[in-house]
1. Out of Val129, Val108, Val68, Val60, I need the residue that is out of contact with any Leu (no Cβ under 6 Å at 6 or more places or on another chain) and buried (at least 17 other Cβ atoms within 10 Å of the Cβ). Which one?
2. State which residue is farthest from Tyr86 (Cα to Cα) when the search covers only the range 333-381 and only residues that are among the hydroxyl-bearing types (Ser, Thr, Tyr) and out of contact with any helix residue (DSSP H, G or I) (no Cβ under 6 Å at 6 or more places or on another chain).
3. Can you find even one residue in the range 167-179 that is more than 14 Å from the ligand (Cβ to nearest atom), within 25 Å of the chain's Cα centre (by Cα) and of a type in the set (Ser, Thr, Tyr)?
4. When residues of the range 237-270 are filtered for being more than 28 Å from Leu297 (Cβ to Cβ), in a strand (DSSP E or B) and basic (Lys, Arg), how many remain?
5. Please work out which one of (1) closer than 29 Å to Leu78 by Cα; (2) within 15 Å of the ligand (Cβ to nearest atom) is the condition Lys271 fails and give its number.
6. Considering only residues that are assigned to a helix (DSSP H, G or I), touching a residue at least 40 places away in the same chain (Cβ under 8 Å) and hydrophobic (A, V, I, L, M, F, W, C), which ones fall in the range 92-145?
7. What residue, of Gln225, Gln220, is among the polar types (S, T, N, Q), touching a residue at least 24 places away in the same chain (Cβ under 8 Å) and under 30 Å from Asn176 (Cβ atoms)?
8. Looking at Arg45, Arg96, Arg28, can you tell me which residue is away from the ligand (no atom under 15 Å from the Cβ), assigned by TED's automatic domain parsing to the domain that holds Lys276 and basic (Lys, Arg)?
Amino acid sequence: MTHHDFIIAGGGAAGLSLAYHLMLSPLRNRSILIIDKDDDDQLQRNWGFWTRQPTLFDDVAHHTWSQVEFVGDGGRQLMDLGDYHYTLMHGAHFYRFVLQQLAACPNVTFARGVIRNIEDGAETARVTVGEETHRGDWVFDSVVKPAELKGEITRHHLLHMHFKGWEIETPWLAFNPHAARLFDFRTPQRGAMRFFYLMPYSECHAFVEYTLFSANVLKQDEYEQALRDYVRSALGIRDYRVVSEENGVVPLTDYPFPRRAGSRVMTIGAKAGRIKPSTGYSFLRVQKDSAAIVQSLLCAGHPFGVPADVPFYRLCDSIMLDIMARHGEQIKPIFTALFKHNPIQRIFRFLDEATSPAENLALMASLPPRLFLQSLFRLKVLRRL
Ligand SMILES: Cc1cc2nc3c(=O)[nH]c(=O)nc-3n(C[C@H](O)[C@H](O)[C@H](O)COP(=O)(O)OP(=O)(O)OC[C@H]3O[C@@H](n4cnc5c(N)ncnc54)[C@H](O)[C@@H]3O)c2cc1C
């Protein structure tokens, strides 16, 4: 049996981010074991996020944009981001960068294998991989077991953000490389929130993705047909080549994931609810959480002193999930009003859970109240009956 200061169960976005934050901190000499079943599915992911602060990964960002576009009921809206920018990072670049940095640390080791069990204890916790057991002072768990999640979530909303994206090249100038199109709703909604996401890397090269927020995923050819229609009809492009593709399903839930999974075990990443329930974004939330865990270890001697989720924003997430689940086709007019009446910086601050009360009031006043009040009533009154 091996013994480590920190064991990280699952070397995905959250596990590697935490290891990297530890490596950059005064805890860098502690022993760290990262265990993963070696799934290279992660490499195909693209992570998009907005920020106005430098991040630890700016050197490996693929592209950044200073403007964003919204296409809804009222046509196309182009917005300057001011001191924000929108960044896209390839999963493969993130992994290569972090793994290279960690490989240079003699106190970081990697183990490959399927984690069978994590057992908490008073002084240490044990992680079983195949026939081997590892003991850690602290275990950080990002391994989601879908079956166990299904049972836990029943009293909460569970939707999926599911998508298929193509990186395409055109023989002539077709895109504006300065503006990332976050939402293009020019597609039949058919009872669910559906939109396209268009990230132009140059005038002839872009990433386009068909995204839905709904309970059930589609068949692969349905995503592909929608992508073909959008590229031809909305973008007016007939001649193009698909260079690569991305598929994904991200669970969106307002289930309050516990952070403390034992005296010595803490959840991280998706398993800790770090995916924002109403948007599916998580990359920067994971970075913030990793920094808070390191800070807690340094100041309190344990990792659990991270900030709790703010109830107001959790309620907003639940209301949005409720509307998406029951009235998915209404999201397009809601988002049209949101983007028409609010500066993009205010929307970003709200999604980052950093708005002032005055900004929250301004946002709420810009939205049609009926569905929000209905959902609030359902969540606050009917759920308690
Ligand atoms: C295709 C896709 C695109 C996304 N795009 C964005 C985006 O643009 N912006 C954004 O902010 N978020 C995005 N997300 C959401 C979010 O960033 C990811 O879900 C993120 O990867 C969550 O981090 P995680 O570490 O919790 O999970 P993961 O990154 O999935 O890591 C979990 C790790 O655990 C390992 N593992 C699982 N089971 C076991 C086991 N039994 N034993 C050993 N190892 C195991 C897996 O191999 C994996 O490496 C996207 C997600 C997907 C799927």
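The values are calculated or read from the model by the stated rules, or taken from the named source; none is laboratory data. Note that this is a predicted model, so its numbers are computed, not measured. In this analysis, Cβ positions are derived from the backbone assuming ideal geometry, glycine residues included, and neighbour counts consider all displayed protein chains.
1. Going through Val129, Val108, Val68, Val60 in turn, just one is out of contact with any Leu (no Cβ under 6 Å at 6 or more places or on another chain) and buried (at least 17 other Cβ atoms within 10 Å of the Cβ): Val129.
2. Only one residue fits best here, namely Ser356.
3. Narrowing the range 167-179 to residues more than 14 Å from the ligand (Cβ to nearest atom): 168-179.
Checking the rest, the ones that are also within 25 Å of the chain's Cα centre (by Cα) come to 168, 177-179.
This time we only want the ones that are of a type in the set (Ser, Thr, Tyr), so: none.
No, the range 167-179 contains no residue that is more than 14 Å from the ligand (Cβ to nearest atom), within 25 Å of the chain's Cα centre (by Cα) and of a type in the set (Ser, Thr, Tyr).
4. 1
5. Failing condition for Lys271: (1).
6. Across the range 92-145, the qualifying residues are Ala92, Phe94, Phe97, Val98, Leu99, Leu102.
7. Details: Gln225 fails: touching a residue at least 24 places away in the same chain (Cβ under 8 Å).
On inspection, the qualifying residue turns out to be Gln220.
8. Just a single option satisfies the conditions, and that option is Arg28.
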